[in-house]
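This report concerns only the one structure given below.
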Amino acid sequence: MKVMFQVNDKDIQDIDTTILYTPSFNYNEDAVYFINNNCLVITKDSSPQSYDISDDLYKLFKEEDLKSKSDLSKIDEIKLQILSSLNSDKEVFVFFNVLTYLDKPFKEKIISYLKTNNKRIINYTTQIEETLLLDYLIVIHNNSVIMEGKKELVLQEEKIINKLGFNLPFIVELSNNLKLYGLVNKTYYNNQELVDDLWK
């Protein structure tokens, strides 16, 4: 597997990655170096003057009302920025604290669309729930990598996660508690999977 980028000289492999960071982390070129320069970085403040979005994309994401909306909210602008970016031929899409602002269906559709089109995703976030969106998880504090690995393995380190000021994602914490009562026998990372298994 090829190296996609580095965090403080640490090689990160070519895999969809969530970077969970504490407020002490500063995003800068010294902390994060993209070896594959074919990256598109999207932030909540980098809105273009105009958007090039096909009718098919509006329809696919069920956002046709944004075509003619005149009074755009910040969330509308973020959605338009992301939809417009889907025309890019860049291989890696880097979301820096952006997906947090989006509703769950839109967020899931964006990730699904990018994966279907063989794009890599890097998602920087301070929200623990977003660690469930992608396969690989890196936890950063004071510009240092504290933990990294498959999300299922990293999220087992509850004491470290708590010490950094985070709680476990709700579904993980809930299923861990249900395990204590013998109602389930594993940890869940997906709401629907837990509901389905409970109702079997």
- [ ] Tell me which residues, restricted to the range 96-119, are touching a Ser or Thr at 6+ places or on another chain (Cβ under 8 Å) and outside any loop (DSSP other than H, G, I, E, B).
- [x] PHE96, LEU99, THR100
- [ ] Filter the range 120-131 down to residues that are in a helix (DSSP H, G or I) and of a type in the set (Val, Ile, Thr) and give me whichever is nearest to the chain's Cα centre (by Cα).
- [x] THR131
TODO: May I ask you to list the residues in the range 52-83 that are surrounded by fewer than 14 Cβ atoms within 10 Å (Cβ to Cβ), of a type in the set (Ser, Thr, Tyr) and more than 14 Å from ASP103 (Cβ to Cβ)?
DONE: SER54, SER68, SER70
TODO: Of the conditions (1) modelled with pLDDT of 90 or more; (2) closer than 27 Å to ILE161 by Cα, PHE96 clears all except one; give me its number.
DONE: (1)
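The values are calculated or read from the model by the stated rules, or taken from the named source; none is laboratory data. Owing to the predicted nature of the structure, the values given are computational and were not obtained by experimental measurement. In this analysis, Cβ positions are derived from the backbone assuming ideal geometry, glycine residues included, and neighbour counts consider all displayed protein chains.
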